[in-house]
Structure formats: C-alpha cells, structure tokens
Amino acid sequence: MIRFRHLSVALLGALAIAPAAFAQDSNFDSTNDGKRFAVVGGFAVSEPTSDPTIAGASTQFDGGTAATLSASWYFHENFAVEAWGAADKFDHRVRDANNYKIGSVESQPYALSAQYHFGNSEQIVRPFLGLGYYESNFDNETPEPTGPLAGQRIGVETAKGAMATAGLDVTLSPSWFARADLRYLHGDSDVKVSGDKVGNAKLNPVVVGLGLGVRF
C-alpha cells in the first residue's frame, strides 16, 4: 500500500507541473514528427478497489507489484493504439474479514486500447486518455495449509472487461520520454473451489505505473 501511495503521489506531482511545462512549449525544438511507434517499460502497483465475497465470507485481496511493457502505434499525431500488459505477475495475498491470510493468487493483465494524446509532438508534456478492453489471467491459487480452504483446489477464472487509462508523457529528448499513468480495469471472474462456483471476484483494480519510453 505504501508503494501504491508513492506512485500515486508521483503521478499527481507530474500532473501538477504540466501547466509550467506547457508554458515552455514554444521554446522546445522537437523532432518527434514522423515517429509512429513507441515502446514503454515500467513498474506498476495493482490495487483492487472491491472486496469479493467467497463461499459466503468477505475477503480482501492485497495489492501487488510487477513490471509492465507496452507498445503503441501512432496512426495520427493525436491518436494511438496501445498493446499493454504485465511483463511479470502481480502477487495478491487473500485475507478474511479478521485479516487472517487464507491464501494467495497471481494475476497477469493485458489489454488493447485506443488513446487520444493532447497537444502536438512539440510539447514537452502531453497528457493522454484511453479506453479499451482487457483480460487478466489468474494462476498459482494457493490456500494456506491451516486456513479454511486447506486441501481444496481453488480456481479463479480469467477476468474480462473495459479498461480506462489516464496518463502523462514528459519528453526527455527527441526520442526518449518518461510516462506516468493510471489504469482502471473493470471486470469480474468466477471463483471455484474443487470445481464448484462459490463466489465472484470483482476486484476492479487500479494500476498505477511509472515508466521510460522510446519513440521511433
């Protein structure tokens, strides 16, 4: 949770300096025109915003961290199509209402979205918004040996749904830029115990990330 707050503060800080950066746009000499592709590698924190009920009991999924990777095609100066995903898996501890750990699960989301980038390629700071579709695979569902689900086979189905994105690119050179973004993944998946559905994991996570990108 602490790292989630730190990344959130970093994103808000970047947004706060945007007006000053825009004021310097006229003095910036950019050669970004004609560069239609971008790749971004980064680090993100995924924090569920909803607590699911499993087998009639309230549970809490802790947030996790993972490396991320995205590739974008700018078919217009302001419009891009982005493929984004976790390069590693987010590890979530699952707790009950008494804060007792009852298991763990790993998630790995990936998404395809369309984005609108404000301004033009000569600006130092360019905010963007996006909307798309995501899926998140769950695996390594492991109950605690002494928990209420000990000895049972747990399964969490793939989550699917809409993804909304808000972010900010800060130009470092004609080819390199820094990125801060926030993604909201809206969707749910069935939870099964020994093959029987016992609940619905509607996590709706917020994923906050920082990264370094290159355009070419």
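The values are calculated or read from the model by the stated rules, or taken from the named source; none is laboratory data. In this text the structure is predicted, and so the values were computed from the model without any measurement. So basically every Cβ, Gly included, is an ideal-geometry build from the backbone, and we count neighbours across all protein chains shown.
Scanning the range 50-68 for residues that are assigned to a strand (DSSP E or B) and among the small types (Gly, Ala, Ser) yields Ala57, Ser58, Gly64, Ala66, Ala67. From the list Thr171, Thr165, the one residue that fits, being in contact with a Phe, Trp or Tyr (Cβ under 7 Å, 6 or more places away or on another chain), surrounded by 15 or more Cβ atoms within 10 Å (Cβ to Cβ) and polar (S, T, N, Q), is Thr171. Exactly one residue out of Ser121, Ser113, Ser70 is over 30 Å from Ile54 (Cα atoms) and at pLDDT below 90, and it is Ser121. Taking the condition surrounded by 15 or more Cβ atoms within 10 Å (Cβ to Cβ) and either of a type in the set (Asp, Glu) or over 17 Å from Ser113 (Cα atoms) (or both), does Val193 pass? Yes.
Here Gly167 passes the criteria (1) outside any strand (DSSP E or B); (2) modelled with pLDDT of 95 or more; (3) not polar (S, T, N, Q) except the one numbered (1).
Cβ separations smaller than 7 Å between residues 6+ apart or across chains give the following pairs from the range 156-185 residues that are over 22 Å from Phe90 (Cα atoms) to residues that are in a strand (DSSP E or B) and hydroxyl-bearing (Ser, Thr, Tyr): Phe177/Thr171.
Answer with yes or no whether Val207 is of a type in the set (A, V, I, L, M, F, W, C), over 17 Å from Ala44 (Cα atoms) and part of a strand (DSSP E or B). In short, no.
For the range 171-189, name all the residues that are assigned to a strand (DSSP E or B) and over 21 Å from the mean Cα position of the chain (by Cα). Selection gives Thr171, Trp176. Starting from the range 131-153, keep only residues that are within 12 Å of Val193 (Cβ to Cβ), then list their pairs with residues that are aliphatic (A, V, I, L, M) and at pLDDT 90 or above whose Cβ atoms are within a distance under 6 Å, requiring at least 6 positions of separation or different chains. These pairs meet every condition: Glu141/Val105.
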